[in-house]
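Inspection log for the structure reproduced underneath, given as structure tokens.
What follows is calculated from the coordinates using simple rules that are stated; it is not laboratory data. Owing to the predicted nature of the structure, the values given are computational and were not obtained by experimental measurement. Ideal geometry is used to build each Cβ from the backbone, glycine not excepted, and the neighbour counts take in all protein chains shown.
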Amino acid sequence: MFGFFKKAKSAKELDRIIAEITMNMQNNYKDAAQSAFKELEQRFNEMAESGELSEAQKSEYSVKIASFKERLKAYSHKDQKPYWTK
């Protein structure tokens with residue numbers, strides 16, 4: 001009867017992780033952003049497999065995940081070169 005509350009809760013959790021990734025990227029916390037992205041992918045996959053997400057939510061979040069995956073591809077401190085080695 002109140003299944004829509006369950007779906008809203010799961011979407012809020014994914015939105016919280018997305019906000020965390022965005023905040024970490026804005027503050028240049030590269031390792032934290034990568035860690036939060038891994039958490040987002042894991043939770044999305046778990047929720048999608050268990051049926052907690054509707055088809056519309058699955059497509060919406062898969063687009064967001066693909067966008068973050070592209071933006072975070074080479075986003076880490078280990079890829080930075082010190083200015084004195086140029």
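Quick notes on this structure:
- Calculated from backbone phi, Karplus (6.51, -1.76, 1.60) coupling profile of the stretch 52-61 in Hz, x at Gly/Pro: 6, 10, 6, 5, 5, 5, 4, 5, 4, 6
- In sequence order, calculated HN-Hα J values of the stretch 20-26 (Karplus, 6.51, -1.76, 1.60; Hz; x Gly/Pro): 5, 4, 4, 5, 5, 5, 5
- Site pair S35 and A8 shows an inter-label distance of 3.2 nm when each label is modelled 7 Å from Cα along Cα→Cβ.
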